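First up is the structure itself, then whatever we jot down about it.
The values are calculated or read from the model by the stated rules, or taken from the named source; none is laboratory data. Just so it is clear, the model here is predicted, and its values are computed rather than measured. Note that we place each Cβ from the backbone using ideal geometry, even for glycine, and neighbour counts take in every protein chain shown.
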Amino acid sequence: MEMTERAPELRRMEIEVIKAAFSRVDDVDFDNIPFGKIFSDHMFVVDFLENEWMQPTIMPYGNLEMSPAISALHYGQAIFEGMKAYKGADGRVRIFRPFDNIKRMNKSAERMCMAQIPESLFMDGLTQMLSMDSEWVPSQQGCSLYIRPVMFATTAEIKVKTADQFKFVILTCPVGPYYPHPVKVVIEEHYSRAAEGGVGSVKAAGNYGAALYPAKLAQEKGFDQLLWTDAKDHKYIEESGTMNVIFVLGNKLVTPSLEKNTILSGITRDSVLTLAKELDIEVEERKILVEEIIDGCKTGELKEAFGAGTAATIAPIDLISYEGIDFYLPSVDANSISSVLLKMLTDIRVGKSADTYDWMHLVG
Ligand SMILES: *Cc1c(COP(=O)(O)O)cnc(C)c1O
């Protein structure tokens, strides 16, 4: 029997393209890019209405029109992702582990009672838009194109209930380094980011709004970020800002485990742990007592600490503060484990090293 037609539910809808009248790319100073403020020429927009995804569109970046009653604004059904595309020496654009971001976004969508996004819709929209905006992908060292998928509930109804209408948008912006210097963190002893049973393990927008106040208090005291601890006793280390946290204790790489679902399962974290095994460094994912880290600071057993996340990549921590006492970490050089791991990761991303783990998705 001949297969002539695809089942209708598998049909891919052609993406409508409305091209920007002119490109703004020549106005951008790629050597001084402020993080997250300059958006590429186009965005990808698609609505979920009446139980299905409507016509997807790539259109010029700009404002969206919507009702002030949309439930995302009132009841917080909003989730996002963060990923990056790189331009290698060969001039080709590569996206880092996009399928892991899609999976995580759909996990967030499930927890927040939102529509699942088909992988093909996400990838077709993203890759087609990146081919149009490839000039926006920086090739400077340490720079990349930050990709921000976001979905929010657009049902216009003042009632706490599961929305049935959603808008999925992908924005992109060229970015440089997130932290221009090593990070100073303070261990949080009072406020909490996430409790067991909550939404700490998904990228729900509300998590970030709720973290601003404690982070602001820390910043007023001169710290860059908080090191969150468990919501129950503030005894165990969790993560930092929008980064997972990894320690070099003795000759091991140690990081909080994900099993309590209070920490986001970072793709950078996973990549770093994978690469560390390649260097024959022993990796431990487990509960980490604050006390253990502080003791490590005192004895020198704590050799390095760093954050790992898409925006910040690998961000060395040079100061940990606890109960009013500042502990300084040894300074980082090219031989530090964090530097070696960052170089390995960067080389894979720009196509200088073999992509052994099939992490890079080539565009075009
Ligand atoms: C996004 C995020 C991370 C890092 O995840 P990546 O996939 O590495 O970008 C870590 N913690 C939180 C809270 C986050 O939102």
Pairs under 9 Å by beta carbon, first residue in contact (Cβ under 8 Å) with a residue 60 or more places away in the chain in segment 219-231, partner part of a helix (DSSP H, G or I), six or more apart or different chains? Phe223/Ala215; Gln225/Ala215; Gln225/Ala218; Gln225/Gln219; Leu227/Val290; Leu227/Ile293; Thr229/Val290
Among the candidates Glu52, Glu81, Glu65, residue that is surrounded by 14 or more Cβ atoms within 10 Å (Cβ to Cβ) and at pLDDT 95 or above: Glu81
If we keep just the residues of segment 288-330 that are β-branched (Val, Ile, Thr) and either in the same structural domain as Arg97 (by TED's automatic domain parsing) or outside any strand (DSSP E or B) (or both), which is farthest from Val175 (Cα to Cα)? Thr299
Which is more than 14 Å from Lys252 (Cα to Cα), acidic (Asp, Glu) and either buried (at least 22 other Cβ atoms within 10 Å of the Cβ) or more than 16 Å from the ligand (Cβ to nearest atom) (or both), of Glu278, Glu323, Glu282, Glu304? Glu323
Residues (within 24 Å of Val137 (Cα to Cα) and assigned to a loop (DSSP other than H, G, I, E, B)) located in segment 331-352: Val350, Gly351, Lys352
Give the residues of segment 135-157 that are outside any strand (DSSP E or B) and either surrounded by 18 or more Cβ atoms within 10 Å (Cβ to Cβ) or not assigned by TED's automatic domain parsing to the domain that holds Ala78 (or both), sorted by residue number. Trp136, Val137, Pro138, Cys143, Thr154, Thr155
Per the list (1) within 16 Å of the ligand (Cβ to nearest atom); (2) under 22 Å from Met105 (Cβ atoms), residue check on Ala231 breaks on (2)
Count of segment 61-117 residues which are within 11 Å of the ligand (Cβ to nearest atom), of a type in the set (Gly, Ala, Ser) and closer than 24 Å to Ser134 by Cα: 1
For segment 234-272, what are the residues that are surrounded by fewer than 21 Cβ atoms within 10 Å (Cβ to Cβ), near the ligand (Cβ under 9 Å from one of its atoms) and at pLDDT below 95? Thr242
Residue set Ser353, Ser336; condition of a type outside the set (A, V, I, L, M, F, W, C) and within 27 Å of Glu135 (Cα to Cα); output residue Ser353
Is it fair to say Thr274 is in the same structural domain as His190 (by TED's automatic domain parsing), of a type in the set (S, T, N, Q) and in contact (Cβ under 8 Å) with a residue 24 or more places away in the chain? yes
Is it the case that some residue within segment 194-204 is on the phi > 0 side of the Ramachandran plot and either more than 15 Å from the ligand (Cβ to nearest atom) or within 18 Å of the chain's Cα centre (by Cα) (or both)? yes
